[in-house]
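The values are calculated or read from the model by the stated rules, or taken from the named source; none is laboratory data. Here the structure is a predicted model, which is why all the values come from computation and not from measurement. Here Cβ is always computed from backbone atoms with ideal geometry, including for glycine, and neighbour counts include all displayed protein chains. These accessible areas exclude ligands, DNA and RNA; they are computed on the full protein's heavy atoms, side chains included. Shrake-Rupley method; radii C 1.70, N 1.55, O 1.52, S 1.80 Å.
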Amino acid sequence: MPEPDYPDIRSLHLFAAMSGEYFTALMRGAYVQNFPPQVDLIEEGDPSDFLHVVLSGSVELYSSWNNRETSVATVRPVSTFILAATIKDAPYLMSARTLEKSRIAMIPSQDVRAVFDVDAHFARAIVTELAQCYRSVVKNTKDLKLRTSLERLANYLLRQQKRENGDAEFQLPIEKRRLASLLGMTPENLSRSIKSLQAYGVSVNGNHVTISDQKDLEKFAKPSPLIDDYST
């Protein structure tokens with residue numbers, strides 16, 4: 001792997017506290033590759049040969065069954081995927097493909113497991129990362145099971161607004177077809193839900209969102225940190 005890529009990877013919580021010796025050993029076996037959009041990086045069910053790090057671009061994690069497909073998450077720089085499969089030496093439970101031109105680092109899973117066994121700081125960071133992932137899955141499950149599709153969309157927009165520094169106007173980061181899949185909705189249901197949110201001061205033109213009545217939207221959505229705060 002080119003040394004100029006080291007700082008980006010080292011800045012991740014997963015690698016920040018590990019010893020320099022073991023970090024260098026990990027990077028020695030890793031390599032970086034540029035991928036065009038819509039390239040399949042991994043397929044669910046395949047062996048977890050690598051831990052992937054998104055250095056630039058974006059990657060969609062998705063799953064399929066019985067001719068159906070659903071979007072699970074979007075990974076943006078600088079982030080890893082899929083850590084659990086790497087640590088367990090288990091098959092990937094999701095597939096991954098690039099959404100745009102992306103630069104991906106690939107670290108051999110066997111090297112990650114070897115360093116996990118000998119570097120306590122790295123091991124603690126991995127446990128923390130996996131715990132955070134587990135809590136995110138629980139929150140996402142609560143979102144899907146406890147809320148109506150309209151409530152899910154309203155809270156998604158509030159979360160996205162927060163990421164955009166609370167601005168009343170912002171852009172959706174993904175296309176609506178993928179957003180519908182992410183929220184467990186059909187595109188038609190998403191379209192109807194967008195129209196229904198007009199009553200709460202929300203207008204969506206293309207990917208441009210305007211929230212003109214913040215209090216009314218929040219009163220309807222009832223956001224909760226135990227569901228919507230993915231940072232804890």
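Annotations
- Where only DSSP H runs of four or more residues are counted, the chain gives -13000 deg cm²/dmol as its mean residue ellipticity at 222 nm, each run worth -39500 (n - 2.57).
- Modelled spin-label separation between D216 and Q198, with each label point placed 7 Å from Cα along the Cα-to-Cβ direction: 1.2 nm.
- Spin-label model, N140 to K101: label points 7 Å out along the Cα-to-beta-carbon direction sit 2.9 nm apart.
- Based on C-alpha pairs under 8 angstrom that are at least 6 apart in sequence, the chain has a relative contact order of 19 percent.
- Ranking R163, R135, R28 from most to least accessible surface, computed with a 1.4 Å probe over the protein chains only, gives R28, R163, R135.
- Integer Hz, Karplus 6.51/-1.76/1.60 couplings in order for the range 210-225, x for Gly and Pro: 10, 10, 9, 9, 4, 5, 5, 5, 5, 5, 6, 6, 6, x, 10, x
- For the chain: accessible area per residue (Å², 1.4 Å): 53 Å²
- Cross-link table K162/K219; K162/K195; K101/K142, entries beyond 24 Å C-alpha to C-alpha: K101/K142
- Taking the Cα centre of the range 87-232 as origin and assigning +1 to Lys and Arg Cβ atoms and -1 to Asp and Glu Cβ atoms, the resulting dipole is close to 400 debye.
- Between E21 and H208, the distance separating the two model label sites (each 7 Å from Cα on the Cα→Cβ line) works out to 5.8 nm.
- Here the chain exposes an accessible surface that is 52 percent carbon and sulfur, computed with a 1.4 Å probe and the other protein chains kept in place.
- Exposure rank, largest accessible area first [Y31, Y156; 1.4 Å]: Y31, Y156
- The range 38-78 - percent relative contact order, Cα under 8 Å, separation 6 or more: 38 percent
- Listed residues L83, L183, S212: farthest to the positive end of the dipole of the chain (Cβ charges): S212
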